[in-house]
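Have a look at the structure below, then the notes.
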Amino acid sequence: MKRSLNCTLAVVVCLLVVFNSSCLVRRRVVTRQGKHDTRPLLTATRDDLVQRIRATYQPIHSFTVTLDMTPSLGSVYKGEINEFPSVRGYVIFRKPDDIRIIGLDPVIHSRAFDMVSTGKDFHLSLPSKSLFIEGRNDIPANSKNKIENLRPAAFLQAMLILPPDPATEMAVIEDDTDEEHAFFVLLILRKQQEPVLIDRAVYFDRLTLQIVRQKAFDASGLTVSDTRYSNWKNFNGVSFPSSIDINRPEDGYGVVMQLVNMKMNNEVTDDKFELKKPEGAQLKVIGAP
């Protein structure tokens, strides 16, 4: 018995010597976002992350933005994305959900498109096609001409990150950390759905706890919108991303927004959201028989 115990101890000692030998240890350096970062990862609870979203969204009441937009057609679902030259654009917003987006032609600088959403309805003017489109925001965008699928409400949902509504939504936290990235993901679920569905996922960088991404899903779990945020700046005391990369894979288009100038919480009047059909333009009503 004593001899057997001595043999066991000898084997354990040998194993410890072998596995503690520096010659047999291979060290891997953890790189995130393409570089080695020695900063410690931050921790947060679900309530901490929800509060961070509220602190980002609640101070915003209105804004007027000048920006450069780089549009693209295609999607990751189709395996091909084609980018087009940047255009100068303008965005006007007023809570709760009034938004106007104007894009200029990159060559002659006239209006390439002008679209407005005031709640449930939207209007889209395409002067180069002498086309004026109107309809409800919840009608599916299924035109073969992708520019006709533009919806101002889709831009609004990407540019702003709404906190979960306690009455209809609940949030759970996921730690998505590996050798390549470190995120907290706040999954926002719809309460009154059976089965429970994921409505959105908001990603927080664990090095800074800054919001870096927001994904929205349809009822089947496919990605409706995938937006990435970077280069957050202070505008009149309010933090807002100056680079917003929007992708709409089901609609087949995307746009990268680079803010040039932003007036935060400025006065925005009702006339900024009035868009009338130009004389001679063809009217197309989305959802009409």
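The values are calculated or read from the model by the stated rules, or taken from the named source; none is laboratory data. As the structure is a computational prediction, the values presented were derived from the model and not from experiment. Every residue, glycine as well, gets a Cβ built from its backbone with ideal geometry; the counts of neighbours run over all protein chains shown. Just the protein is used for accessible areas: all its heavy atoms, side chains included, with ligands, DNA and RNA removed. Shrake-Rupley method; radii C 1.70, N 1.55, O 1.52, S 1.80 Å.
Worth pointing out:
- Residue in segment 159-174 that is part of a helix (DSSP H, G or I), under 28 Å from Phe93 (Cα atoms) and among the aliphatic types (A, V, I, L, M) present: yes
- Restricting attention to segment 254-272, the residues being at pLDDT 95 or above and closer than 17 Å to Phe155 by Cβ number 8.
- Filter result (open to solvent by 50 Å² or more (accessible area, probe 1.4 Å) and under 18 Å from Thr43 (Cα atoms)) within segment 182-212: Thr208, Gln210
- Here segment 262-287 is the region considered, the condition is being basic (Lys, Arg) and surrounded by 13 or more Cβ atoms within 10 Å (Cβ to Cβ), and the residue that is nearest to the chain's Cα centre (by Cα) is Lys263.
- Qualifying residue in segment 269-283 (condition: of a type in the set (Phe, Trp, Tyr) and assigned to a strand (DSSP E or B)): no
- Screening Ala141 against (1) in a helix (DSSP H, G or I); (2) over 25 Å from His61 (Cβ atoms); (3) within 20 Å of the chain's Cα centre (by Cα) leaves a single unmet condition, (1).
- The residue of segment 213-235 that is surrounded by the most Cβ atoms within 10 Å (Cβ to Cβ), among those that are of a type in the set (Gly, Ala, Ser) and under 25 Å from Pro166 (Cβ atoms), is Ser225.
- Failed item in (1) touching a strand residue (DSSP E or B) at 6+ places or on another chain (Cβ under 6 Å); (2) not in a loop (DSSP other than H, G, I, E, B), with Asn234 passing the rest: (1)
- Within segment 204-228, restricting attention to residues that are hydrophobic (A, V, I, L, M, F, W, C) and not in a strand (DSSP E or B), the residue that is modelled with the lowest pLDDT is Ala219.
- Qualifying positions in segment 119-159 - out of contact with any strand residue (DSSP E or B) (no Cβ under 7 Å at 6 or more places or on another chain) and not hydrophobic (A, V, I, L, M, F, W, C): Gly119, Lys129, Asp138, Pro140, Asn142, Ser143, Lys144, Asn145
- Restricting attention to segment 240-254, the residues that are touching a residue at least 40 places away in the same chain (Cβ under 8 Å) and closer than 15 Å to Gln214 by Cβ add up to 7.
- Extreme residue, least open to solvent (accessible area, probe 1.4 Å), among residues of segment 85-119 that are acidic (Asp, Glu) and part of a strand (DSSP E or B): Asp114
- Taken over segment 135-191, the criterion of being β-branched (Val, Ile, Thr) and under 17 Å from Arg248 (Cβ atoms) is satisfied by Ile139, Ile147, Ile161.
- The set of residues in segment 237-253 being open to solvent by 10 Å² or more (accessible area, probe 1.4 Å), part of a loop (DSSP other than H, G, I, E, B), modelled with pLDDT under 95 and of a type outside the set (D, E, K, R) consists of Pro249 alone.
- Among the candidates Phe240, Phe273, residue that is in contact with a helix residue (DSSP H, G or I) (Cβ under 9 Å, 6 or more places away or on another chain) and either under 22 Å from Pro96 (Cα atoms) or of a type in the set (Gly, Ala, Ser) (or both): Phe240
- Of the listed requirements (1) charged (D, E, K, R); (2) over 24 Å from Asp245 (Cα atoms); (3) modelled with pLDDT of 80 or more, Arg151 misses just one: (2).
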